[in-house]
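Here the structure is laid out as C-alpha cells; the discussion comes afterwards.
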Amino acid sequence: MKNILSFIAVLFLSLSSAAQTKWKVDPLHSSLNFNISHSGISIVNGKFMDYTGNLTTTGEQLDNANFDFSVDVKSINTNVEDRDNHLRSADFFDVEKHPNMSFKSTKISPTAKPNQYLLYGKLTIKNVTKDVVFDVYYGGKAKSQQGEKLGMKAETTINRFDYNINFDPAAAGVGKDVSIIVHLQFAKQ
C-alpha cells in the first residue's frame with residue numbers, strides 16, 4: 001500500500017510540473033517604462049534598459065502565473081545624461097547602495113473583461129518592499145521560426161515617497177506619482 005501511495009504522489013507531482021511552462025523575457029521586444037510629472041505642467045518619461053524576467057504559466061491563460069523580475073537601476077534612461085546621473089545619485093535611486101529593484105508576483109486574478117487580469121506582487125526599490133497591483137492586458141501567444149512567444153502589457157502607479165525617493169519633498173518640481181507601463185514579450189524556454 002505504501003508503494004502505491006508513493007507512486008501516486010510521484011505521478012501527481014510529475015503531471016503538475018509537466019503542465020507548467022517556463023518563459024523568459026525577450027528584451028528585444030519588451031520595454032520597462034515610466035512617466036512622472038515635471039513642474040506640474042508636463043510629463044518626463046524614461047525606461048530601464050537592463051533587466052531580466054521569468055514567467056511560469058499553467059495552461060493557456062495567465063491563471064496561476066508567477067512573475068519574477070530584476071532591474072539594474074543604473075540602466076535608467078531618460079535621454080538626458082545629466083538627469084540620468086542625478087536619478088542614479090543618493091537624491092533618487094542611490095544605485096551605489098541599491099543597484100537593483102525587483103518584482104515578485106503573489107497572485108494573479110482574471111477580471112470580468114476578456115484577457116485582462118490583476119497582478120498582485122511585491123515591488124522592492126531601495127530595500128523597501130510594498131504591495132502593488134498591476135492591470136495586465138494579455139495579448140496571447142504566437143508561434144514563429146524563433147519559437148513560441150507570449151505578450152502582454154502591465155500598468156500601475158506608485159508613490160515614489162513610499163520607496164524613500166524623497167528628493168523634492170513638496171513634489172513641486174518632480175511629481176510624487178510614477179506611472180509604470182511595461183510592454184512584455186516572453187520566449188518559451
Report task. Take the residues in the range 109-132 that are open to solvent by 60 Å² or more (accessible area, probe 1.4 Å), part of a strand (DSSP E or B) and not charged (D, E, K, R), then tell me which one is nearest to residue 99 (Cα to Cα). Result -> 129
Report task. Consider residue 99 carefully, then state whether it is without any contact (Cβ under 8 Å) to a residue 40 or more places away in the chain, open to solvent by 40 Å² or more (accessible area, probe 1.4 Å) and closer than 18 Å to residue 151 by Cα. Result -> no
Query raised in the report: Going by the structure shown, is residue 177 within 19 Å of the chain's Cα centre (by Cα), modelled with pLDDT of 95 or more and closer than 17 Å to residue 87 by Cβ?
Result: yes
Query raised in the report: Do you know which of the residues in the range 133-146 that are open to solvent by less than 80 Å² (accessible area, probe 1.4 Å) and of a type in the set (Phe, Trp, Tyr) is nearest to residue 158 (Cα to Cα)?
Result: 134
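Yes/no matrix, rows are residues, columns are (1) modelled with pLDDT under 95; (2) loosely packed, with under 14 Cβ neighbours inside 10 Å; (3) of a type in the set (S, T, N, Q):
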residue	(1), (2), (3)
4	yes, yes, no
7	yes, yes, no
11	yes, yes, no
17	yes, yes, yes
30	no, no, yes
44	no, no, no
56	no, no, yes
66	no, no, yes
69	no, no, no
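The values are calculated or read from the model by the stated rules, or taken from the named source; none is laboratory data. No experiment lies behind these values; they were computed from the predicted model shown. Neighbour counts run over all protein chains shown; Cβ positions are idealised from the backbone, glycine included. For the accessible areas, the whole protein counts, side chains as well, though only heavy atoms, and no ligand, DNA or RNA atoms are used. Shrake-Rupley method; radii C 1.70, N 1.55, O 1.52, S 1.80 Å.
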